[in-house]
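Notes for the one structure printed next.
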Amino acid sequence: MPVKYENFKGDVYYLIKKKTKKGNWRYYFTKNKKGNLVDSIPEGYEIDEKPNGNVYLIKERPKLITEKEKTMVEKGVKRHSDVDYFKVYIKEEKITIYTAKDTTKTLKDHLGPFFNEKEFEKYLNFTAVLRFILVHEDERIFELERYCFRGSIDDWIFLDAGKLEVLVEEYCKHLGKDSFYNLI
């Protein structure tokens with residue numbers, strides 16, 4: 001049975017392997033069920049779904065962020081912000097919050113009973129806006145950065161450092177608001 005993976009949009013991807021010029025195997029996911037299908041995930045690898053639904057096979061990495069910390073961020077965004085659509089993505093020592101522009105109210109007003117919110121979510125584009133970086137593993141201290149969308153900068157800028165629960169409560173309330181762009 002070939003390895004297949006369904007992303008949050010409902011797209012099905014199949015794991016394919018192909019020989020490189022040097023004779024090594026290269027693995028990748030594709031929506032086409034053609035090629036050299038793989039029956040199991042290679043040892044030392046795992047599936048990674050990016051916030052916008054792209055699927056990759058990556059080397060397993062140590063889990064530096066706990067499930068409790070990820071859940072704390074997810075609950076904090078739901079509780080403290082006005083953002084309806086967001087994703088929390090973990091990569092190594094970083095917890096990144098991705099948000100999507102909320103246009104569902106306009107669509108609901110225009111389409112009324114024909115509006116299918118679950119279908120709509122498939123077409124959202126998520127952008128990284130806020131991230132927590134674990135800087136002291138024993139004490140669980142995080143640095144907080146926000147993405148700066150100014151044309152001259154377009155990079156992450158440092159905001160604060162401390163315990164995750166304090167940073168979540170203090171800064172997630174700015175997501176989806178104009179005050180987010182004033183955070184420096």
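The values are calculated or read from the model by the stated rules, or taken from the named source; none is laboratory data. For clarity, every value in this text was computed on a predicted model and none was experimentally measured. Heads up, the Cβs are rebuilt from the backbone with ideal geometry, glycines too, and the neighbour counts pull from every protein chain shown.
Tabulated data
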read-out: Candidates V3, V12 - the one that is over 22 Å from R61 (Cα atoms) and surrounded by 12 or more Cβ atoms within 10 Å (Cβ to Cβ); value: V12
read-out: Residue satisfying all of: in region 166-184; assigned to a helix (DSSP H, G or I) and at pLDDT below 90; nearest to K75 (Cα to Cα) among these; value: F180
read-out: Among (1) at pLDDT 95 or above; (2) over 26 Å from E137 (Cα atoms); (3) hydrophobic (A, V, I, L, M, F, W, C), the one test that M72 misses; value: (2)
read-out: Count of residues meeting criterion [without any contact (Cβ under 8 Å) to a residue 40 or more places away in the chain, charged (D, E, K, R) and part of a loop (DSSP other than H, G, I, E, B)] in region 115-139; value: 2
read-out: Answer residue from region 16-38, given it is in a strand (DSSP E or B) and in contact with a Pro (Cβ under 7 Å, 6 or more places away or on another chain) and is surrounded by the fewest Cβ atoms within 10 Å (Cβ to Cβ) among those; value: L37
read-out: Qualifying residue in region 111-124 (condition: at pLDDT 85 or above, at negative phi and of a type in the set (F, W, Y)); value: no
read-out: Close pairs (7 angstrom Cβ cut-off, 6 or more residues apart or separate chains): farther than 30 Å from Y123 by Cβ in region 8-32, hydrophobic (A, V, I, L, M, F, W, C) and surrounded by 14 or more Cβ atoms within 10 Å (Cβ to Cβ) anywhere; value: K17/V38
read-out: Qualifying residues in region 160-180 (those that are in contact (Cβ under 8 Å) with a residue 12 or more places away in the chain and among the small types (G, A, S)) - the one surrounded by the most Cβ atoms within 10 Å (Cβ to Cβ); value: G176
read-out: E46 touching a Leu at 6+ places or on another chain (Cβ under 9 Å), within 22 Å of F126 (Cβ to Cβ) and surrounded by fewer than 14 Cβ atoms within 10 Å (Cβ to Cβ); value: yes
